[in-house]
1. Kindly indicate which of M373, M344 is surrounded by fewer than 23 Cβ atoms within 10 Å (Cβ to Cβ) and not small (G, A, S).
2. Looking at the structure I just gave you, is E365 over 26 Å from L227 (Cα atoms) and outside the structural domain of G231 (by the TED database)?
3. Keeping to region 200-230, report how many residues are open to solvent by less than 20 Å² (accessible area, probe 1.4 Å) and not in a helix (DSSP H, G or I).
4. Which condition does A339 not pass, out of (1) open to solvent by 30 Å² or more (accessible area, probe 1.4 Å); (2) closer than 30 Å to Y465 by Cα; (3) in contact with a His (Cβ under 9 Å, 6 or more places away or on another chain); (4) not polar (S, T, N, Q), if it passes all the others?
5. I'd like to verify a number: residues in region 522-537 that are of a type in the set (D, E, K, R) and over 32 Å from the mean Cα position of the chain (by Cα), how many?
6. Six or more apart or on different chains, Cβ atoms under 7 Å: show the pairs whose first residue is in region 462-477 and surrounded by fewer than 24 Cβ atoms within 10 Å (Cβ to Cβ) and whose second is assigned to a helix (DSSP H, G or I) and of a type in the set (D, E).
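The values are calculated or read from the model by the stated rules, or taken from the named source; none is laboratory data. Please read all numbers here as calculations on a predicted model, not as lab measurements. In this analysis, Cβ positions are derived from the backbone assuming ideal geometry, glycine residues included, and neighbour counts consider all displayed protein chains. Side chains are part of the model used for accessible areas, which takes the heavy atoms of the whole protein and leaves out ligands, DNA and RNA. Shrake-Rupley method; radii C 1.70, N 1.55, O 1.52, S 1.80 Å.
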Amino acid sequence: MAQVVASRSIQSTPLCPTSGSARDRTQNLLKPPSFASKVFPLGENNNKRSKLRLRSLQISARKSAPSEVIPMSPEDDPKIEEHLQHLRGVQPFGENSVGMWSKPTFRRKTKIVCTIGPSTNTREMIWKLAEAGMNVARLNMSHGDHASHQKVIDLVKEYNASHEDNVIAIMLDTKGPEVRSGDLPQPITLMPGQEFTFTIQRGVGTADCVSVNYDDFVNDVEMGDMLLVDGGMMSMVVKSKTEDSVKCEVVDGGELKSRRHLNVRGKSATLPSITEKDWDDIKFGVDNKVDFYAVSFVKDAEVVHELKNYLKSCGADIHVIVKIESADSIPNLHSIITASDGAMVARGDLGAELPIEEVPLLQEEIINLCRSMGKAVIVATNMLESMIVHPTPTRAEVSDIAIAVREGSDGIMLSGETAHGKFPLKAVQVMHTVALRTEATIPGGKMPPNIGQVLKNHMSEMFAYHATMMSNTLGTSTVVFTRTGFMAVLLSHYRPSGTIFAFTDEKRVQQRLALYQGVCPIYMEFCDDSEATFRRALDLLLKQAMVKEGEEVALVQSGRQPIWRFQSTHNIQVRKV
């Protein structure tokens, strides 16, 4: 039988999940952008350990100070630090003492995924991206070769090994069955009303005809289909076709360059989701022990099962993120996400294959579905597209980031902005600042209405739910010890208002947890004495200024793998640092 051990007298009155709002936490609003964590060796002297003691429940609500608007333009860099120093000094509560209702140090919860490319594939830039706020490094296998990606993997691993206060996860993004035009000797300017032909014959590149890299292209399109080029930058309507070519009329013209992506509105190519090149790249990821695969153009759950079976046969502990970017994937959303470990809303191809007005609605639906099923979710494509060439974002892009954060995305992603853009560091800084400012206005404990019913397959899920309720009501952070990451992920999807400090003695688990919203993964060796480990963990948090002396934390002992407890015993405690 499960037992609840609470270090405070908890009344039977239901706990209110919205009491501990993140709205109040403007103190330390822009601390260093990435979560801090540190290795804490077993042999360190613990003579100055924090004192943990029980206390009775006393409620004394305090009013928060009004929040301030953070400067948004990267051109304000010289002035920002001075302003942030002022923000860090803001006392958000009416009294100096800490305790009931006082909020933990506020850190950015939404994670930032950065695509590494020619602009950022050096040691110096990866270090700077990590300092600016990167949590996950993405390798886009559509570009570069294994040698260039190997260099990036080695640099990220070097960073992780040399920095005890931060960790970066590695995501390998497969190319998938992309349909692209062939090479051209020089760009072609297409005008509305002009006729243009695509052929499956190789090596054709003239002013009115170009090759396509997909042999079934002629069979997949029909007369009247709308063909989108380069994500919709140009469009053509299919007028006729022969055995080896498709004749089109240009609707929206533009400059056609080599190897542009082709989509047919409302249709997906009949290519397999995982191509031969993808399997080669996946093996490359297994050999390098990456943390995540982002699988392109997933149409059904069978693709995910096939990949997971392969990873199991290799003994590879790599999680699978499905990219929702195909028209064929929408009817199968539930089964695809159920089979996976998470999803990416890849809005570029999704908006090319479906009407663009459907994309915002699908984004919200996918985020809600992932959250209700306890899966990670990333919003990607065009988030700061203008910053590829400009030092400041458009206001619409800022709003786009804020919407993804408010909808509850675990991660927000930069593609060309950091891969080949002129201002990669400024793009990360803007994304960090907008996410942090938006999170400061989100009421804590806001959960999808059905999440409590969906996540009920294990006793730990019930405890994660009630630990979140307790944490939100008491205004505390949450401390969890995990060897698989399971409990930390559960807590993340319940979205407690405070930070989730996830202690693990597995480096791979620490890296993987870098993607999940609100989780601060910390590597620490565990010992056989649970109380000694708890004290060392709280000492570490205090030493790193992640919590304040006198602050309370909710400590959760639950999960699939028992640590210092019996299989049938689950604990929630509240402890004072």
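1. Answer to the check: M373.
2. Yes: the conditions hold for E365.
3. Of the residues in region 200-230, 8 are open to solvent by less than 20 Å² (accessible area, probe 1.4 Å) and not in a helix (DSSP H, G or I).
4. Only one criterion is unmet by A339, namely (1).
5. 3
6. From residues that are surrounded by fewer than 24 Cβ atoms within 10 Å (Cβ to Cβ), there are no pairs.
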